[in-house]
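S.K.: My questions all concern the structure below.
Computed from the coordinates by the stated procedures, all read-outs in this text should not be read as laboratory data. Predicted model only: the values in this text are computed from it and were never measured. Please note: Cβ atoms are built from the backbone with ideal geometry, for glycine as well, and neighbour counts cover all protein chains shown.
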Amino acid sequence: MVKLRDLVELPIVITVSHPAVQELADVATLLIAAANKMTVDGLTIRWTPDVLAEVEGLIPRAAAASDAYAAIADAHFADERHSNGGENILRARGGYGFSGHATKRTDTRYNHTIEVVPGDGDISHSACGTHLRLHEHFTRNLAKDPAFYGKVWCPTCGINTPWAQWSVGKIATRAKVQS
């Protein structure tokens with residue numbers, strides 16, 4: 001209830017036209033209306049049973065709206081072109097990530113590998129002849145959007161090289177098998 005009272009102090013500003021964002025704003029507006037029925041006496045916040053019932057009734061709707069919004073945010077930040085304007089670079093990556101709503105958040109470890117192979121790789125660098133086998137994370141991204149990556153890290157050359165210098169090998173076949 002204290003966090004709900006804090007919500008009253010925040011303005012609701014919608015900068016994206018999307019039904020999930022609008023629903024989240026609508027739920028926040030209803031929660032603010034309920035919070036405005038509370039009284040503050042010094043450091044004590046007081047509410048009636050009716051206010052508590054009103055807020056409890058909004059909890060399932062708030063959770064669903066938050067989950068829908070989280071899905072949009074996850075999709076947005078998964079594509080670095082949208083989140084920071086830079087080119088996506090195909091290179092090995094590993095680390096930790098988070099998924100799910102804040103109340104159901106799970107930590108996940110990931111290791112997206114790229115392996116130099118003697119031949120018959122997923123992609124080949126025309127400048128030096130390096131063949132790479134890609135983790136399925138990369139093949140999925142390429143299957144969804146062939147223009148997803150603007151550059152590729154070449155372990156042999158030791159630099160990020162333009163995607164135009166790479167030819168696609170068996171990646172299309174692997175993507176079909178994986179889906």
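S.K.: Please turn the phi angles of region 135-144 into ³J(HN,Hα) values with the Karplus equation 6.51 cos²θ - 1.76 cosθ + 1.60 (θ = phi - 60°), one per residue in order, whole Hz, x for glycine and proline.
M.R.: Listing the rounded values in order: 4, 4, 4, 6, 5, 5, 4, 5, 5, 6 Hz.
S.K.: Another question, if that's okay. I'd like the Karplus ³J(HN,Hα) series for region 29-44: coefficients 6.51, -1.76, 1.60, θ = phi - 60°, whole numbers in Hz, and an x wherever there's a Gly or Pro.
M.R.: For region 29-44, the Karplus curve yields 4, 5, 5, 5, 4, 5, 5, 5, 7, 7, 10, 10, 10, x, 9, 9 Hz.
S.K.: Now for a separate question. Apply the Karplus curve 6.51 cos²θ - 1.76 cosθ + 1.60, θ = phi - 60°, to the phi angles in region 53-65 and return the couplings in whole Hz, x for Gly and Pro.
M.R.: These are the phi-based 3J(HN,Hα) values: 5, 4, 5, 4, x, 8, 4, x, 5, 5, 5, 5, 5 Hz.
S.K.: Same structure again: Quote the charge dipole size of region 2-78 about the Cα centre in Debye, to the nearest 20; the model charges only the Cβ of Lys and Arg (+1) and of Asp and Glu (-1).
M.R.: On the way: 5 positive and 10 negative charges, 26 e Å.
Here region 2-78 has a charge dipole of around 120 debye.
S.K.: Relative to the compact-globule scaling 2.2 N^0.38 Å, provide the ratio for the alpha-carbon radius of gyration of region 2-78. Numbers along the way, then the final one.
M.R.: On the way: Rg = 14.1 Å, N = 77, 2.2 N^0.38 = 11.5 Å.
The reported ratio for this selection is 1.23.
S.K.: Moving to a separate point now. Scan around residue 45 for amide H atoms under 5 Å from its own, H built in the peptide plane at 1.01 Å from N, and keep only partners 5 or more places away or cross-chain.
M.R.: none
S.K.: Can you give the FRET efficiency to the nearest 0.05 for residue 120 and residue 48, using r as the Cβ-Cβ distance and R₀ = 45 Å? Show your work: numbers first, answer last.
M.R.: Details: r = 71 Å, r/R0 = 1.58.
Using R0 = 45 Å, I get an efficiency of 0.05.
S.K.: Please list, by residue number, everything in region 108-138 whose backbone N is under 17 Å from a paramagnetic label point 7 Å out along Cα→Cβ of residue 156.
M.R.: Counting backbone N atoms under 17 Å from the label point, the list is 114-134.
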